[in-house]
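> The structure is given below, and queries will be raised subsequently.
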């Protein structure tokens with residue numbers, strides 16, 4: 001499925017969190033379940049921190065165990081760009097930009113329109 005960028009997005013983190021299956025992290029906070037970004041957990045590990053999809057975590061009080069590899073790399077978006085979706089999760093799509101590199105990264109659905 002393809003999407004067109006309808007609102008610029010330039011908030012991509014400089015050091016996106018990258019985690020591996022089996023890794024242990026500290027639970028910091030959960031996103032607002034009624035907000036735009038439900039099902040995200042802010043985690044902290046050794047030399048890393050960031051938002052991680054709740055679906056790939058086993059949560060035990062303040063410790064979480066990662067159930068699958070995840071990389072929080074995000075695209076910076078310009079209005080008019082076309083994105084090709086690989087999959088969707090919690091209000092974001094894992095995608096590549098048409099006519100650009102084949103690099104995959106996340107893009108927020110609330111900045112896109114399906115075409």
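> Please state which of the following conditions residue 110 fails to meet, knowing it meets all the rest: (1) assigned to a helix (DSSP H, G or I); (2) touching a strand residue (DSSP E or B) at 6+ places or on another chain (Cβ under 7 Å).
Answer for residue 110: the failing condition is (2).
> Still on this model: If I go through region 54-94 residue by residue, how many of them are closer than 23 Å to residue 114 by Cα, under 11 Å from the mean Cα position of the chain (by Cα) and touching a residue at least 24 places away in the same chain (Cβ under 8 Å)?
So the answer is 8.
> Same structure again: Among residues belonging to region 18-47 that are free of Cβ contacts under 8 Å to residues at least 40 places away in the same chain and out of contact with any strand residue (DSSP E or B) (no Cβ under 7 Å at 6 or more places or on another chain), point out the one that is nearest to residue 112 (Cα to Cα).
Ranking the qualifying residues of region 18-47, first place goes to 35.
> Something else now. So, in region 34-49, of the ones that are under 15 Å from residue 24 (Cβ atoms) and part of a strand (DSSP E or B), which residue ends up nearest to the chain's Cα centre (by Cα)?
Among those residues, the one meeting the criterion is 41.
> OK, next. Out of all the residues in region 50-66, is one or more surrounded by 15 or more Cβ atoms within 10 Å (Cβ to Cβ), in contact with a helix residue (DSSP H, G or I) (Cβ under 9 Å, 6 or more places away or on another chain) and within 25 Å of residue 103 (Cα to Cα)?
There is at least one residue in region 50-66 that is surrounded by 15 or more Cβ atoms within 10 Å (Cβ to Cβ), in contact with a helix residue (DSSP H, G or I) (Cβ under 9 Å, 6 or more places away or on another chain) and within 25 Å of residue 103 (Cα to Cα).
> In region 61-88, how many are farther than 16 Å from residue 50 by Cα and in a strand (DSSP E or B)?
Qualifying residue count, region 61-88: 8.
Throughout, read-outs are computed from the coordinates displayed, never taken from laboratory work. Treat the numbers as computed from the prediction; the structure is a model and nothing was measured. No Cβ is skipped: glycine too gets one built from the backbone with ideal geometry, and neighbour counts run over all protein chains shown.
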